[in-house]
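**Q** This is the structure, below, for whatever I ask next.
The values are calculated or read from the model by the stated rules, or taken from the named source; none is laboratory data. Just so we're clear, the structure is a prediction, and the values are computed from it rather than from any experiment. As a convention, Cβ positions derive from the backbone with ideal geometry for all residues, glycine included, and neighbour counts pool all protein chains shown. Heads up: the accessible areas ignore ligands, DNA and RNA and are worked out on the full protein's heavy atoms, side chains in. Shrake-Rupley method; radii C 1.70, N 1.55, O 1.52, S 1.80 Å.
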Amino acid sequence: MAGTLLAAVAANALKKPIEDLYNGSKDTIRRRLRSLIASGKLKDIQKSIKSVQKVKTMWRIDKEVPLTSFYYPSRLIIDKTPRPITSLAAVSTKENFVIQGTVGQGKSIFLRYLCIKELVASHRIPIFVELRRYNPSLSFRAFLISAVSLYRIPCDDSMFDYLAESGKLVLLLDAFDEVEQGAVTDVLAEIEALAQQYPSLQIVVTSRPDSGIERSPHFRVYQLAALTSHDHRSFLAKIVSERPRVDEIAAAIAKSGTEIRLLLRTPLLLTLLVMVYNSRQEIPSSLSEFYDAIFFTLLTRHDKNKPGFRRKRETGLADSELRKLFEAFCYAARQQDQLVLKETTIGALLERASGATGISCITEAFIHDMTKVACLMLQEGFECHFIHKSVVEFHAASFVSRTSEDNARKFYSGMTPGKWPKWRQELEFLSQIDRPRYLRYFYVPSALAALQFFGIDTAQTRITAESATNILNSVTLALRSTGIPWRFDLAPELGFVAEVIAMKSFDRTFHYELRLQLATPNAIDERIRVGDLAAKLGALSACTAHVQEVINEIRTSLSKAEAELAIESRVADFVSP
């Protein structure tokens, strides 16, 4: 497939879209496009776009490889059915949409693949943009103009207007969830303004759930389908070169414990499991053992290939010390929302991590060991970034899991409304690697607080219409201005479980088609709470039944959590001397 796809990128793949742009242009734009064609720069533009398919992977961090050499076909859930997607046209070439997936599900690789396929199609110019590189000091429009220019397309404000209006440009915006937290609202507003201003411009965005863009009425949301056990062998064949080794690892996975098999639902985790297996020659028996093995596997992966060889550590730290320092470093980076790091920033974060651990080293040595030995970070010019956002999130969570009882209590108690969303993925990891404390200090208190917040008696079997209204009223439908479709806003005071209740209730109450029907100014007031809307439409009884289902699920989850903690308490009594 790799050779077929790359060979299919004809030398003149951009000839038709550029000629179409030229034929429809006038004056200055026409002269600039004529100059572009005459100077023979189309090949340079095409080469720049084609470079999108070169990436560094977990197992080949030292060298870029074509993604088509290891790409495993992604599936989107469309009409409740997972469907293989091999081009934008398989979804839509008109509609703006979000490709949503969990950590490590292959969103960026999928979007890069779609970029190359769009180039092969020779109808439009695909522009792949990494949103983590957005600097809030610029307007988002200026950032996009700069991104287009990076592909050797001379672009200014007037050229961007023409390209966006022409229908010959498609923007592929990668990782909306990596936009700096303080800039999310402004970036979303600017993306929505682009969608409103340029109806012929297709915008495709990748993101994790709950990043904010999934709430925009300008975008349809498609979920990436998870890997299943049926995918394991075929996926392994993409990243493991020897067939007998593929069979060996697949057989070992099949014999592993249930919790490990259920974990292997993303390309990232399946890749990490292969690396751990190659290092240990066995599948970890539990989730905690698997996660615990990741750092040392990545740190020593190069050494394993050369018996008796140990790559030089510039820090002079033992492996366990380096891990402890790196975990604290990641926690400090997450505290300050730092993913792309200048050397001065690394030094400041390292100083904080050293203060928290009592382990110190010079900044240059730390950068060397993280980029050249462990390869958990990449160095590009004067900046470093983590090889994957999940790296910093997992190790930040690991830092919390290894801290004292008092410090863990302080962290979990600090996950108040407004603060916990930033730590959403860390909390997900902690629910697995620090489960008893996660349940005791975070989940159970959050669930009880949510029920109390919505006025639901824990002993009450059936909820009232009033309680259902309270829950639905924590979501507000808002018309931003005349002619701009609605969006929904959550009450800012919602805790973790309260938001889960609110969003599940909203999603089940108003499905996608009904939301579109409510998007006209005549349908609802400028701002209206969902519970009030349900009453206005005479649908409160039906909505209450949906909310009841959600509350039953939360109660079941809460009961299971309390039962787990009860077992922990009995174990504590049992081991008392």
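**Q** Between LEU138 and ILE77, 0.36 nm times their residue separation minus their Cα-Cα distance comes to what?
**A** Working: separation 61, 0.36 × 61 = 21.96 nm, distance 3.54 nm.
In short, 18.4 nm is gained.
**Q** Would you work out what percent of the accessible area of the chain, with all protein chains in place, is carbon or sulfur (probe 1.4 Å)?
**A** Working: 13570 of 26310 Å².
Here carbon and sulfur together make up 52 percent of the probe-accessible area.
**Q** Here is a follow-up. Which residues' amide hydrogens lie under 5 Å from the amide hydrogen of VAL170, considering only partners 5 or more residues apart or on another chain, with H built in the peptide plane?
**A** ILE125, ILE127
**Q** R0 = 56 Å: FRET efficiency of ALA449 with LYS94, Cβ-based, nearest 0.05? Write out the running numbers ahead of the final one.
**A** Values: r = 44 Å, r/R0 = 0.79.
Using R0 = 56 Å, I get an efficiency of 0.80.
**Q** How big is the charge dipole of the chain about its Cα centre, in debye rounded to the nearest 20, if each Lys and Arg gets +1 on its Cβ and each Asp and Glu gets -1 on its Cβ? It would help to have the intermediate numbers written out before the result.
**A** Values: 74 positive and 65 negative charges, 409 e Å.
My answer is approximately 1960 debye.
**Q** Right, another one. Under a Cβ-Cβ cut-off of 11 Å, what is the net charge of the residues other than ALA293 that fall near it, where Lys and Arg count +1 and Asp and Glu count -1?
**A** -2
**Q** Whose amide H sits under 5 Å from the amide H of ARG83, counting only residues 5 or more places off or on another chain, with H placed in the peptide plane?
**A** Answer set, sorted by chain and number: LEU76, ILE77, ILE78.
**Q** Grab the Cα-Cα distance for THR185 and ARG34, subtract it from 0.36 nm times how many residues apart they are, and report the gain in nm with one decimal.
**A** Values: separation 151, 0.36 × 151 = 54.36 nm, distance 3.89 nm.
Difference between extended and current length: 50.5 nm.
**Q** Karplus couplings for region 360-371 from phi (6.51 cos²θ - 1.76 cosθ + 1.60, θ = phi - 60°), rounded to Hz, Gly and Pro as x?
**A** 10, 6, 7, 4, 4, 5, 5, 4, 4, 5, 7, 9
**Q** Something else now. Counting only the backbone N, which residues of region 445-466 are under 17 Å from the spot 7 Å out from the Cα of ARG555 toward its beta-carbon?
**A** Answer for this model: 447-466.
**Q** Return the sequence-ordered ³J(HN,Hα) values of region 546-554 in whole Hz as given by the Karplus equation 6.51 cos²θ - 1.76 cosθ + 1.60 applied to θ = phi - 60°, using x for Gly and Pro.
**A** Values per residue, Gly and Pro as x: 5, 5, 4, 4, 5, 4, 4, 5, 5 Hz.
**Q** In terms of modelled amide H atoms, which long-range or inter-chain residues lie less than 5 Å from the amide H of VAL221?
**A** VAL98
**Q** Just the number please: accessible area per residue for the chain, 1.4 Å probe, all protein chains included, in Å².
**A** Computed with neighbouring chains in place, this is 46 Å² per residue.
**Q** Another one. Rounded to the nearest 500, what is the 222 nm mean residue ellipticity of the chain from helices alone, with -39500 (n - 2.57) per DSSP H run of 4+ residues and division by all residues? Please report the intermediate quantities before stating the final value.
**A** Values: 26 runs with 305 residues, N = 577.
Calculated at 222 nm, the ellipticity per residue is -16500 deg cm²/dmol.
**Q** Sticking with this structure for a sec: Per residue of region 25-41, what does 6.51 cos²θ - 1.76 cosθ + 1.60 with θ = phi - 60° give for ³J(HN,Hα)? Whole Hz please, x for Gly and Pro, Karplus curve as stated.
**A** Computed from phi, the couplings for region 25-41 are 9, 9, 6, 4, 4, 5, 5, 5, 6, 4, 5, 5, 5, 5, 7, x, 8 Hz.
**Q** Once you have the Cα-Cα distance between ASP27 and GLU343, take 0.36 nm times their residue separation minus that, and quote the gain in nm to one decimal.
**A** Numbers: separation 316, 0.36 × 316 = 113.76 nm, distance 4.64 nm.
Length difference between fully extended and current span is 109.1 nm.
**Q** Hey, which of these cross-link pairs are over 25 Å Cα-Cα: LYS56/LYS117; LYS56/LYS342; LYS50/LYS372; LYS15/LYS238; LYS56/LYS255; LYS47/LYS389? Before the final figure, lay out the partial values.
**A** Working: LYS56/LYS117 20 Å; LYS56/LYS342 20 Å; LYS50/LYS372 27 Å; LYS15/LYS238 33 Å; LYS56/LYS255 31 Å; LYS47/LYS389 28 Å.
Over 25 Å apart, Cα to Cα: LYS50/LYS372; LYS15/LYS238; LYS56/LYS255; LYS47/LYS389.
**Q** Positive end of the charge dipole of region 185-288 (Lys, Arg +1 and Asp, Glu -1 on Cβ, about the Cα centre): tell me which of ALA189, HIS218, ASN278 has its Cα farthest that way.
**A** ASN278
**Q** What is the percent of Cα-Cα separations in region 32-162 that go past 26 Å?
**A** Working: 2626 of 8515 pairs.
Of all Cα-Cα distances in region 32-162, 31 percent exceed 26 Å.
**Q** Let me ask another. To the nearest 0.05, what FRET efficiency results for ASP20 and PHE574 with a Förster distance of 56 Å applied to their C-beta separation?
**A** Result of the calculation: an efficiency of 0.15.
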